[in-house]
1. What average number of partner chain Cβ atoms lie no more than 10 Å from the Cβ of the residues making up B:58-64?
2. Distance from a point 7 Å along Cα→Cβ of residue A:141 to each backbone N in segment B:44-74: keep the residues under 20 Å and list them by number.
3. Apply the a/c threshold of 1.5 to the C-alpha gyration tensor of chain B and tell me whether it is rounded, prolate or oblate.
4. Measuring from label point to label point, each 7 Å out along Cα→Cβ, what is the residue B:40 to residue B:185 span in nm?
5. Helix B:30-41 versus the longest principal axis of chain B: what angle, 0 to 90°, nearest 10, using Cα atoms?
6. Other chains near B:88-97: what is the mean number of their Cβ atoms within 10 Å of each residue's Cβ?
7. State, to one decimal in nm, how far the label point of residue A:174 lies from the label point of residue A:29, with both points 7 Å from Cα in the Cβ direction.
8. Take the alpha-carbon centre of segment B:29-97, take the same for segment A:63-129, and report the distance between them in whole Å.
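FYI, it's all coordinate maths here, none of it is from the lab. None of the values given here were measured: they were computed from a predicted structure. No Cβ is skipped: glycine too gets one built from the backbone with ideal geometry, and neighbour counts run over all protein chains shown.
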């Protein structure tokens with residue numbers, strides 16, 4: 001405990017954002033453009049323009065350690081209170097430590113067990129995975145569900161992918177048909193020009209700049 | 001035999017029929033009776049109508065031992081603010097009655113950002129009604145129907161189908177014995193898939209003359225994982241500045 005107390009910083013930096021958002025931790029870098037805060041699990045960098053103000057506060061870790069050191073052995077309620085305090089401040093890791101102490105004293109305490117992510121199964125508190133697996137649930141993309149629901153999701157996904165594939169293929173076929181038609185038309189025009197001689201009056205001239213249609217032949221009038 | 005006698009009998013019966021009809025008209029319909037008794041169990045419609053604002057403070061825990069602090073504030077008319085504190089960050093999700101916004105540092109969103117109207121509907125616009133949508137539901141444009149009774153783990157409950165003004169349909173279960181709303185089934189879209197969120201309400205306690213559930217447990221229908229909210233403190237009519245709910249400029 002002495003080592004933990006020594007390791008925990010005495011103060012925390014609270015970075016207040018517009019709208020009431022906050023980041024609490026230790027500022028590890030501050031420049032004119034940004035502020036980087038170590039929140040325990042990693043660093044968060046925020047643009048200086050988003051910061052309303054920065055203030056020093058008692059470190060939640062330090063306060064937790066101090067309060068924990070004063071809890072008499074076997075006092076589950078004091079640990080629970082400390083766990084609730086840590087949880088209300090969003091200090092999940094510290095809250096977990098405190099609730100673990102509650103469970104060490106009262107192994108069947110429902111509130112502390114639930115807070116630690118355990119569930120009751122056949123009268124015992126077990127991990128979620130143990131309980132859900134025993135009940136026949138399967139884990140799929142981070143969620144526990146019935147095998148039927150997982151199948152349903154996969155079926156829907158396959159159907160959607162098949163529909164997308166079909167739509168893509170239809171589009172490709174339409175484009176290919178259009179291309180074939182265009183090429184056939186161009187080929188027909190070329191053949192007509194080569195075999196039928198000069199274009200007739202009113203035919204468009206595919207020539208870019210110039211008249212839009214073949215000019216009237218003044219000599220035949 | 002007097003041929004007018006039957007008619008006279010009918011005429012004599014008219015006042016009685018009128019009384020019966022009047023009584024029938026005055027008697028509340030079953031749905032009104034269930035709603036009225038539920039509102040009475042929450043502290044009474046007058047106290048609910050007098051409610052200006054509310055602040056609830058507690059913790060929310062989810063699978064894997066994740067736990068966060070939450071502060072929920074609701075104020076007339078239609079203002080809502082939720083602070084969510086997790087691992088050294090505090091995020092804010094708010095609506096001033098017309099515009100929803102959020103700032104969520106843990107998601108890398110450090111500037112308040114307006115949310116599209118569909119996000120408000122998806123998030124539960126009904127959550128912004130401080131007195132609850134069952135109070136004066138007709139005037140608010142909602143439709144409430146009593147669609148049956150169901151046996152829940154805690155006892156039998158009336159099942160109310162509530163079609164909110166915006167079209168969202170939800171089901172509320174009113175415990176027959178206590179008349180508290182003990183469960184709500186609400187449709188939501190999660191990861192692009194329509195699901196039903198089942199929320200059970202328990203640990204009802206009086207707070208300043210109004211009764212609130214202090215434990216709310218939500219899970220996706222047919223799935224075991226639950227999100228559990230434990231309310232530690234309820235403040236009735238706290239002073240809440242409107243600016244708390246408005247998108248900062």
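1. On the way: counts 3, 12, 1, 9, 1, 10, 7.
Per residue, the average neighbour count from other chains is 6.
2. B:63-64
3. In terms of gyration-tensor shape, prolate.
4. Once both label points are built, they end up 2.8 nm from each other.
5. So the inclination is approximately 50 degrees.
6. Average neighbour count from other chains, rounded to a whole number: 6.
7. Placing both labels 7 Å along Cα→Cβ, they lie 5.1 nm apart.
8. Segment B:29-97 and segment A:63-129 have Cα centres spaced 26 Å from each other.
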